[in-house]
Protein chains: 2
Amino acid sequence: MSSRTGKEILNVLLYSSRPQTQNRLEEAELVAQPSKYGSLWPLPQKVQLSEVSFKLTSSSFRIVDAKDSTAGPSCSLLQDAYRRYYEYMFGIAKRQQLNKGRRTGPSELTELQVWITSPDSECDSYPSLTSDESCESLPHSYHLHRVAGIQLVYEDEYGAKSINSTTISDFPRFAHRGILLDSSRHFLPIKVILANLETMAMNKINVFHWHIVDDQSFPYLSRTFPQLSQQGAYHPYTHVYTPADVKMVIEFARLRGIRVIPEFDTPGHTQSWGKGQPDLLTPCYSGSKPSGTFGPVNPILNTTYDFMSQFFKEISAVFPDAYVHLGGDEVDFTCWKSNPDIQKFMDQQGFGQDYSKLESFYIQKLLDIVTTTEKGYTIWQEVFDNGVKLKPDTLIHVWKGNQQQYQNEMANVTSSGYRTLLSTPWYLNRISYGQDWQGHYKADPQDFKGTEAQKKLVIGGEACLWGEYVDATNLTPRLWPRASAVAERLWSAKDVTDINDAFSRLSVHRCRMVDRGIPAEPLFSSYCPHEYKGI
Amino acid sequence: MSSRTGKEILNVLLYSSRPQTQNRLEEAELVAQPSKYGSLWPLPQKVQLSEVSFKLTSSSFRIVDAKDSTAGPSCSLLQDAYRRYYEYMFGIAKRQQLNKGRRTGPSELTELQVWITSPDSECDSYPSLTSDESCESLPHSYHLHRVAGIQLVYEDEYGAKSINSTTISDFPRFAHRGILLDSSRHFLPIKVILANLETMAMNKINVFHWHIVDDQSFPYLSRTFPQLSQQGAYHPYTHVYTPADVKMVIEFARLRGIRVIPEFDTPGHTQSWGKGQPDLLTPCYSGSKPSGTFGPVNPILNTTYDFMSQFFKEISAVFPDAYVHLGGDEVDFTCWKSNPDIQKFMDQQGFGQDYSKLESFYIQKLLDIVTTTEKGYTIWQEVFDNGVKLKPDTLIHVWKGNQQQYQNEMANVTSSGYRTLLSTPWYLNRISYGQDWQGHYKADPQDFKGTEAQKKLVIGGEACLWGEYVDATNLTPRLWPRASAVAERLWSAKDVTDINDAFSRLSVHRCRMVDRGIPAEPLFSSYCPHEYKGI
């Protein structure tokens, strides 16, 4: 692809790559030559470029359903996508231009034919782990599924939109490519969530892991237990997600091929639940008396399980995805140990002093409850580590340790036959000075000792942006383009590892996000043709 | 001050301060009790609080000139400030409300009298290093200079604006409280600069150090040498500051009591200058032939000094402040060493192989040039370290080393009788995970071994936000509220060091910035009554 805009940017990047030692940072210098793949991100599995280029004009260009497409005008998901891509290509301002009888030039491309071939077009259903995300494009006639090749469009030296004849055959390396956002430590206004869903789609991220509640606040407005947010949200009206909000998020995501997997983490990380649901949490003791503080969910009361049954029945109805994330991480045993009723229960059950057995007791009952809702579940790795009995289709989410430790964990989980997701190297909330995206880019979820069969049990990974230091003011630039590095790792072929080529493409991809109104932060000294317009 | 809004926020902060170890960060936990000083930031030198409160209504409240004020209706700087503060107090939306004959209640405050007492009211002139920034407030009749006590206004439980009777006597500890922004590594649109000047004023920052050009780009459009930006900017039209832009920035700053000190750094950091000014930079040699690359400004040509004379004549006219920053940092001698003409000149001058003598030769000639423009100058510490002869009123800007090293440097500079500014501990571009504002808050520019006379030579400091990884997408949340920590260190009394009290006040101050449309990032898990509305 020959993009003059791209080349100009990259020449500047090359020029400006000398280190500024006022910052005393020794950075491995990247040689920023324009990539032969232009600004394609994530890189498709197969690309054949050609020098033949076509002009595109907003007045005559149309995206149309191919004759034999299995989805057509009645598929509103598809028609919405056409409109969105058209606006990305030509900009909203130019929609007013009408074709007043102008004849098309000899080398003008006037039609993008979209030919859906999969029998299930998912026009009205939800995306899933088994959705077909593959796509082929041929010169002149494009056969696409969902994601169009509009990253190929560039402006020539006169500002005219152009595209080079290009053949693409594409499919994702991993089926599960997620981003975790945390709306508990800080409330995230719906507008921020939608803007980031839009950006996820630009990066072929297909899972929004919504860590919706935690210790700090409970913004999910439950129809069954409205007191949970009434008492547990930062504010019962301004800092909650109503059923309509949640529905909007799910539909906005669906139209972009993104699954929404909510996480309701128990038995730890539940301080905010206790405010609106008395007796749900374990009372901690100081000596022989309750101290007034509370610990994890109380695992010894029947009322706890009654509550969970009703609660997860609602959740399974509200969130259509086949999976729910049940958390299960970081259970602190201190409070359980202090409570005499818990101690008595431990004796009765013969658990001795092994509180991980009590944790497993709770989790097993919870998993049985969720199983009745016919959902699959994802859990953080501790649940597996503690030996809880799990359904074979359980997803184990690995997040702990250093590189060696998480690679051992991936080996252990897959040798036990479970499917797994990796997040450890992708905790994007942990910031540091310099180009940390390179570390995120280099991590590979299949780099561990194991058989081919084990490797196949790795279904993907998630970039996590925990919310202690993140809210609407800084979330978007902190997430992008750092999460784009993870997106390419999870989409593109395993051997796509050239860091210089990635730097070049990602720099232009970042400017494309900025051009579309997303404040994606810079990788290094550089400029975008159109800088971000907000503050 | 008793602010219910403040208390609510802080209760939440207290509640949410339990660590989230998914992030494996061991953080010194702050005890977040509401401060008795409410949300005052930076903390005034003297505050006497009272329980007596008054209501404020937008329909009847007025800010007026006191009878004996030395500045009145003809002082547009003051009248502009009244309007700005009124909008901060009541919000733009409520301006429409008219006072339809409503009588004021018994405990309503209807008037803020502003009594300017200094003979020079600076209505039409520019702020300077010697501007009087002190202010007194008394119950009922406020005598203020420039910055009003609107941080005392809060909403009571019914949303009514209220203020407690409070006596404040205030003045800054240091006269020079600056922020450096870098518009070379990334171009910063004017809108971003203005929004941050507004925020500087909210934090009593009174110097904008504009690091306007550097190696990467030359966005300053010079009337005398238009080729500098024509060739050296990232783009000659979209990525430049025109004379009108610069004038607007200076006036916007002036109305807020902020000085604009431009930096034109030479002889290093000048790659972008060479594009539009042939022969300005030293040609580097590879063996006996020019390599095609260029080094620092060429110090051996008369044309260099002719150029600098004309250039700084323009700069001294365009920027009204009494000071200009001349840089002088990080001169790399490699290119000079390679050049046979430079070697010959070194021999002639008897410099031997000591290239710092050549650097001093250049700088001394430059300082003589700038002296003829009747400007004072600030230089980075290397110029002092290299023994360049300096005028007694030169400001030495300390930026290098670890704590011990910069404290030694402060001692050396002041024992030589020079005034100094500190920046080393306040390189805000260097980010790390967690509450790094605490480290910025704890640094004190007078913490070094020296006499009282030496300490008095410390006139302040600057927070620096270098631009390698910062542009319009992420500048504002990265700067605020981290720079607020520096602002309080430089304004408030030396013994204002209670980190818990600071956390409490700063948390509310940060929400106030958010309320005013500034995306200041959170300190920790928490919420603001009105979250940021952008993305």
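The values are calculated or read from the model by the stated rules, or taken from the named source; none is laboratory data. Predicted, not measured: the structure shown is a model, and the values here were computed from it. As a convention, Cβ positions derive from the backbone with ideal geometry for all residues, glycine included, and neighbour counts pool all protein chains shown. Note: areas computed on protein heavy atoms with side chains; ligands, DNA, RNA excluded. Shrake-Rupley method; radii C 1.70, N 1.55, O 1.52, S 1.80 Å.
What the table below lists for this structure:
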| read-out | value |
| --- | --- |
| So residue A:496, is it over 22 Å from residue B:472 (Cβ atoms) and either of a type outside the set (A, V, I, L, M, F, W, C) or in contact with a helix residue (DSSP H, G or I) (Cβ under 6 Å, 6 or more places away or on another chain) (or both) | no |
| Region B:469-483 - residue that is under 25 Å from residue B:327 (Cα atoms) and part of a helix (DSSP H, G or I) and, of those, nearest to the other protein chains (Cβ to nearest Cβ) | B:476 |
| Residue that is within 7 Å of another protein chain (Cβ to nearest Cβ), out of contact with any Lys or Arg (no Cβ under 6 Å at 6 or more places or on another chain) and in contact (Cβ under 8 Å) with a residue 12 or more places away in the chain, where the choices are A:514, A:496, A:508 | A:514 |
| Count of region B:337-355 residues which are surrounded by 12 or more Cβ atoms within 10 Å (Cβ to Cβ) and more than 30 Å from residue B:420 (Cα to Cα) | 9 |
| Some residue of region B:454-468 being touching a helix residue (DSSP H, G or I) at 6+ places or on another chain (Cβ under 7 Å), open to solvent by 20 Å² or more (accessible area, probe 1.4 Å) and away from chain A (no Cβ under 14 Å) | yes |
| Matching residues, region A:176-222, being among the small types (Gly, Ala, Ser) and touching a Lys or Arg at 6+ places or on another chain (Cβ under 8 Å) | A:201, A:217 |
| Region B:290-327, residues that are charged (D, E, K, R) and either open to solvent by less than 50 Å² (accessible area, probe 1.4 Å) or free of Cβ contacts under 8 Å to residues at least 12 places away in the same chain (or both) | B:306, B:314, B:321 |
| Single match in A:430, A:419 (criterion: of a type in the set (Lys, Arg), within 13 Å of another protein chain (Cβ to nearest Cβ) and open to solvent by 20 Å² or more (accessible area, probe 1.4 Å)) | A:430 |
| Some residue of region A:224-235 being within 14 Å of chain B (Cβ to nearest Cβ) and open to solvent by less than 10 Å² (accessible area, probe 1.4 Å) | yes |
| Residues located in region B:158-192, provided they are of a type in the set (A, V, I, L, M, F, W, C) and either open to solvent by 10 Å² or more (accessible area, probe 1.4 Å) or touching a strand residue (DSSP E or B) at 6+ places or on another chain (Cβ under 7 Å) (or both) | B:160, B:163, B:168, B:171, B:174, B:175, B:179, B:180, B:181, B:187, B:188, B:190 |
| Any hit, region B:388-398, residues being out of contact with any Phe, Trp or Tyr (no Cβ under 6 Å at 6 or more places or on another chain), within 14 Å of another protein chain (Cβ to nearest Cβ), touching a residue at least 24 places away in the same chain (Cβ under 8 Å) and surrounded by 22 or more Cβ atoms within 10 Å (Cβ to Cβ) | no |
| Whichever residue in region B:519-533 is open to solvent by 10 Å² or more (accessible area, probe 1.4 Å) and farther than 17 Å from residue A:238 by Cβ and, among such residues, is farthest from the other protein chains (Cβ to nearest Cβ) | B:523 |
| Tally, over region A:200-217, of residues that are in contact with a helix residue (DSSP H, G or I) (Cβ under 6 Å, 6 or more places away or on another chain) and facing another protein chain (nearest Cβ under 10 Å) | 2 |
| Tabulated pairs, region B:44-63, first farther than 30 Å from residue B:174 by Cβ and among the acidic types (Asp, Glu), second in a strand (DSSP E or B) and open to solvent by less than 30 Å² (accessible area, probe 1.4 Å), C-beta under 8 angstrom, 6+ apart or interchain | B:51/B:164 |
| Whichever residue in region A:115-139 is more than 17 Å from residue A:169 (Cα to Cα) and without any contact (Cβ under 8 Å) to a residue 24 or more places away in the chain and, among such residues, is farthest from the chain's Cα centre (by Cα) | A:120 |
| Residue satisfying condition, being more than 14 Å from chain B (Cβ to nearest Cβ) and either more than 31 Å from the chain's Cα centre (by Cα) or of a type outside the set (Asp, Glu) (or both), within set A:331, A:370 | A:370 |
| In region A:407-421, the residues that are closer than 23 Å to residue A:486 by Cβ and touching a residue at least 40 places away in the same chain (Cβ under 8 Å) | A:407, A:408, A:410, A:411, A:413, A:414, A:419, A:421 |
| Verdict on residue B:412 being out of contact with any strand residue (DSSP E or B) (no Cβ under 8 Å at 6 or more places or on another chain), modelled with pLDDT of 95 or more and either under 30 Å from residue B:444 (Cβ atoms) or surrounded by 21 or more Cβ atoms within 10 Å (Cβ to Cβ) (or both) | yes |
| Within region A:481-518, tally of residues that are open to solvent by 20 Å² or more (accessible area, probe 1.4 Å) and over 22 Å from the mean Cα position of the chain (by Cα) | 5 |
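Okay, residues lined up against (1) in contact (Cβ under 8 Å) with a residue 40 or more places away in the chain; (2) buried (at least 20 other Cβ atoms within 10 Å of the Cβ); (3) within 23 Å of residue A:185 (Cβ to Cβ):
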site	(1), (2), (3)
A:245	yes, no, yes
A:248	yes, no, yes
A:262	yes, yes, yes
A:284	yes, no, yes
A:288	yes, no, no
